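The values are calculated or read from the model by the stated rules, or taken from the named source; none is laboratory data. In this text, all values refer to a predicted model and were calculated from it rather than measured experimentally. Every residue, glycine as well, gets a Cβ built from its backbone with ideal geometry; the counts of neighbours run over all protein chains shown.
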């Protein structure tokens, strides 16, 4: 029970993070070595409410409504990496910020309604949103060499997977005991996404 309460407390903390704390706040500067590249990229998904909320929501939704649960998170990480590569390459991806905001709204709603979808559809939804998250990350992170870029990609994937696993664990705990908490958390996440969208208008 203590473990469950800790999970719920963490979920509540994520839900009330101010929407002004976004990950897209400017240049992070150049890393000096592979470890710096990895650690900076690993931490990056945790630094803004938009990325954090979306990735935790993917994990929760997958645990609650997608079978097998691991496929949507794997698709998210794979397309996140593709988006990061595009960002590293300087590709101008249109609509990044609106799509990230939309991802928080949509994924929050999917958690709230606990909508069950075929895994292929679920993976497609997660993957499309992930590409835009990745493009934003890649544009913000920097790498002076190919090896540093690879370290950053691995770090980004690892950080994102960590959030997915947390969300999946949280989803399993809530599903088994108090499914209504997942609905409330999903609604709060969707509200965050809606606020983000209105600020972009």
query = Before we move on, is residue 57 assigned to a helix (DSSP H, G or I) and either farther than 15 Å from residue 159 by Cβ or under 13 Å from the mean Cα position of the chain (by Cα) (or both)?
reply = yes
request  = Search segment 168-192 for residues that are under 15 Å from residue 49 (Cα atoms) and pair each with any residue that is modelled with pLDDT under 90 and assigned to a helix (DSSP H, G or I) when their beta-carbon atoms are under 7 Å apart and the residues are at least 6 apart or on different chains.
outcome  = 185/11; 185/15; 188/15; 189/15; 192/49
query = If you go through segment 61-84 one residue at a time, how many are surrounded by fewer than 21 Cβ atoms within 10 Å (Cβ to Cβ) and modelled with pLDDT under 90?
reply = 4
query = In the set 58, 93, 74, 85, which member is in contact (Cβ under 8 Å) with a residue 24 or more places away in the chain and within 19 Å of residue 114 (Cα to Cα)?
reply = 58
task = Only one of these is more than 25 Å from residue 39 (Cβ to Cβ), surrounded by fewer than 19 Cβ atoms within 10 Å (Cβ to Cβ), modelled with pLDDT of 90 or more and over 11 Å from the mean Cα position of the chain (by Cα): 95, 108. Name it.
result = 95
ask   = Just a yes or no: is a residue in segment 146-160 within 15 Å of the chain's Cα centre (by Cα), surrounded by fewer than 21 Cβ atoms within 10 Å (Cβ to Cβ) and assigned to a helix (DSSP H, G or I)?
value = yes
message = If I ask for residues that are part of a helix (DSSP H, G or I), within 11 Å of the chain's Cα centre (by Cα) and at pLDDT below 90, which ones from segment 36-49 would you list?
response = 44, 45, 49
task = Taking the options 127, 120, 167, name whichever one is assigned to a helix (DSSP H, G or I) and crowded, with 22+ Cβ neighbours inside 10 Å.
result = 167
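Taking segment 170-182 on its own, how many of its residues are over 25 Å from residue 127 (Cβ atoms) and either crowded, with 16+ Cβ neighbours inside 10 Å or under 15 Å from the mean Cα position of the chain (by Cα) (or both)?
2
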ask   = How many residues, within segment 78-107, are more than 17 Å from residue 196 (Cβ to Cβ) and part of a helix (DSSP H, G or I)?
value = 11
query = Looking at 164, 133, which is the one that is in contact (Cβ under 8 Å) with a residue 12 or more places away in the chain, under 15 Å from residue 50 (Cβ atoms) and under 18 Å from the mean Cα position of the chain (by Cα)?
reply = 133
